[in-house]
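A.B. asks: Mind having a look at this structure? Questions to follow.
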Amino acid sequence: MNQTDSFLGRLVSVVNNYRNMVALPQERLAVLNWQIEQGHALDERATMPGHVTTSAIIVSPDHQQVLLIDHVAIGRWLQPGGHYEPADHFFQSATREAVEETGVSGLTLHPWHQQRDLPLVIDTHDVPGKAERHEPDHVHHDLQYLFLANPSAALQHQPEEVHAAQWKPIAELVEISPRAARRLAQISLPHQG
């Protein structure tokens, strides 16, 4: 089995579990499901009309703050994330992106996940192409995972991709990832030990 087959097999499992356990009925994931059925190499950035990305919704233990990045290319505040990089689990790709872009330490997968590779949100969204890369407009199928981190720990943003990394009030997540904000509002706080 080649890497793409292994990737697609894991992606099918994650998407099916998400649809059965998390997704609302209107979350059909039509383009993603079509690309899976067609056998597209969704782990490759050149695959069109879209490919997989992973991102990290990082919140403080009290769920009052969210760690965001001021993205250089996109020009707005977003959760850290990027194109899928090979990992045993999709949440590990999100972890790697978050650490690279923010320098956050002590990042842990939120207890909501129960250590499962189950996204909090799968969000397919439009992305503008880049003429210098001969890249057309396309979509990202973003697997969003929820993490906890200490907001008092030092951050070190990645200047080539990020203008800044900062903790912001949790309300700012509503504009960035409305479904993640709604789901987070329904999650109980983890036990403080």
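The values are calculated or read from the model by the stated rules, or taken from the named source; none is laboratory data. Computed from a predicted structure; not experimentally measured. With ideal geometry, Cβ positions are generated from the backbone for all residues, glycine too; neighbour counts draw on all protein chains shown. With ligands, DNA and RNA removed, areas are computed over all heavy atoms of the protein, side chains included. Shrake-Rupley method; radii C 1.70, N 1.55, O 1.52, S 1.80 Å.
A.B. asks: Cβ contacts < 6 Å: first residue closer than 24 Å to Asn150 by Cβ, restricted to the stretch 105-134; second residue of a type in the set (Asp, Glu) and open to solvent by 50 Å² or more (accessible area, probe 1.4 Å), any location; separation 6+ or different chain. Result?
C.D. replies: As it stands, the answer is none, since no pair meets every condition given.
A.B. asks: Moving on. Could you tell me whether any residue of the stretch 141-148 is over 16 Å from Leu78 (Cβ atoms), open to solvent by 30 Å² or more (accessible area, probe 1.4 Å) and assigned to a strand (DSSP E or B)?
C.D. replies: no
A.B. asks: Okay, moving on. I need every pair where a residue in the stretch 140-169 that is at positive phi has its Cβ under 6 Å from the Cβ of a residue that is crowded, with 18+ Cβ neighbours inside 10 Å and outside any strand (DSSP E or B), sequence separation at least 6 or different chains.
C.D. replies: Between residues of the stretch 140-169 that are at positive phi and residues that are crowded, with 18+ Cβ neighbours inside 10 Å and outside any strand (DSSP E or B), there is no close pair.
A.B. asks: Okay, next question. Does at least one position in the stretch 82-99 carry a residue that is under 22 Å from Gly129 (Cβ atoms) and in a loop (DSSP other than H, G, I, E, B)?
C.D. replies: Scanning the stretch 82-99 turns up at least one residue that is under 22 Å from Gly129 (Cβ atoms) and in a loop (DSSP other than H, G, I, E, B).
A.B. asks: Something else now. Can you tell me which residues in the stretch 145-166 are of a type outside the set (A, V, I, L, M) and closer than 12 Å to Pro61 by Cβ?
C.D. replies: Within the stretch 145-166, Phe147, Asn150, Pro151, Ser152 qualify.
A.B. asks: Residue by residue through the stretch 86-104, note down the ones that are of a type outside the set (Val, Ile, Thr) and under 10 Å from Leu155 (Cα atoms).
C.D. replies: The initial filter retains those residues of the stretch 86-104 that are of a type outside the set (Val, Ile, Thr), namely 86-94, 96-98, 100-101, 103.
Correct list: Glu101, Gly103.
A.B. asks: Okay, next question. Restricting to the stretch 110-140, give me the number of residues that are farther than 20 Å from Arg19 by Cα and either in a loop (DSSP other than H, G, I, E, B) or out of contact with any Pro (no Cβ under 8 Å at 6 or more places or on another chain) (or both).
C.D. replies: Selection size over the stretch 110-140: 12.
A.B. asks: Something else: Can you tell me how many residues in the stretch 179-193 are open to solvent by 80 Å² or more (accessible area, probe 1.4 Å) and either small (Gly, Ala, Ser) or under 14 Å from Asp62 (Cβ atoms) (or both)?
C.D. replies: 6
A.B. asks: What tally of residues in the stretch 153-191 results from selecting those that are among the small types (Gly, Ala, Ser), in a loop (DSSP other than H, G, I, E, B) and more than 16 Å from the chain's Cα centre (by Cα)?
C.D. replies: 3
A.B. asks: I've got another one for you. Cβ-Cβ distance below 6 Å, separation of 6 or more or different chains: which pairs start in the stretch 47-75 with a residue that is open to solvent by less than 10 Å² (accessible area, probe 1.4 Å) and end on one that is among the basic types (Lys, Arg) and in a strand (DSSP E or B)?
C.D. replies: Listed by first residue and then by second, the contacts come to Val66/Lys168; Leu68/Lys168.
A.B. asks: Being within 18 Å of Val121 (Cβ to Cβ) and either among the polar types (S, T, N, Q) or surrounded by fewer than 17 Cβ atoms within 10 Å (Cβ to Cβ) (or both) is the filter here, so list the residues in the stretch 169-178 that pass it.
C.D. replies: Correct list: Ala171, Glu172, Val174, Glu175, Ser177, Pro178.
A.B. asks: For the stretch 88-127, name all the residues that are open to solvent by less than 20 Å² (accessible area, probe 1.4 Å), farther than 18 Å from Leu32 by Cα and not acidic (Asp, Glu). Spell out how you get there, then give the answer.
C.D. replies: Keep residues of the stretch 88-127 that are open to solvent by less than 20 Å² (accessible area, probe 1.4 Å), which gives 90, 93-94, 97-98, 101-102, 104, 110, 113, 118-122.
Filter once more, so that each one left must be farther than 18 Å from Leu32 by Cα: 93-94, 97-98, 101-102, 104, 110, 113.
Of everything in the stretch 88-127, those that are open to solvent by less than 20 Å² (accessible area, probe 1.4 Å), farther than 18 Å from Leu32 by Cα and not acidic (Asp, Glu) turn out to be Ser93, Ala94, Ala98, Thr102, Val104, His110, His113.
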